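Trainee: One structure follows; several queries about it will come next.
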Amino acid sequence: MSITQQYLLDTHRARSLGEPVPPAPGAHDRQVVREWRDARRFRAVLAGRPARHRFRDALSRWRRRPT
């Protein structure tokens, strides 16, 4: 059973029982990624490392290199 099918089944059950509908799959993905990133930065600071944007820094270094 796929995630979409399970969601539709849960929605049908909730509506037939008069309960609130569960959130759609992927509805809170941005919030989860943001919280994960913040926690990672916080752990880096606690460990004494700078909280950097590794990907962004690497991309800017790549863009600035001479051609």
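The values are calculated or read from the model by the stated rules, or taken from the named source; none is laboratory data. Everything numeric in this text was worked out from a predicted model, so none of it was measured. Using ideal geometry, Cβ is built from the backbone for each residue, glycine included, and neighbour counts are taken over all protein chains shown. Only protein heavy atoms, including side chains, enter the accessible area calculation; ligands, DNA and RNA are left aside. Shrake-Rupley method; radii C 1.70, N 1.55, O 1.52, S 1.80 Å.
Trainee: Go over the candidates VAL33, VAL21 one by one and state the one that is open to solvent by less than 90 Å² (accessible area, probe 1.4 Å) and more than 19 Å from the chain's Cα centre (by Cα).
Mentor: On the way: VAL33 fails: more than 19 Å from the chain's Cα centre (by Cα).
That would be VAL21, the only listed residue that is open to solvent by less than 90 Å² (accessible area, probe 1.4 Å) and more than 19 Å from the chain's Cα centre (by Cα).
Trainee: Which condition from (1) modelled with pLDDT under 95; (2) more than 19 Å from the chain's Cα centre (by Cα); (3) surrounded by fewer than 10 Cβ atoms within 10 Å (Cβ to Cβ) is the one that PHE55 breaks?
Mentor: Against the list (1) modelled with pLDDT under 95; (2) more than 19 Å from the chain's Cα centre (by Cα); (3) surrounded by fewer than 10 Cβ atoms within 10 Å (Cβ to Cβ), PHE55 comes up short only on (2).
Trainee: With (1) touching a residue at least 12 places away in the same chain (Cβ under 8 Å); (2) assigned to a helix (DSSP H, G or I) as the list, and ARG15 as the residue in question, which single condition is left unmet?
Mentor: (1)
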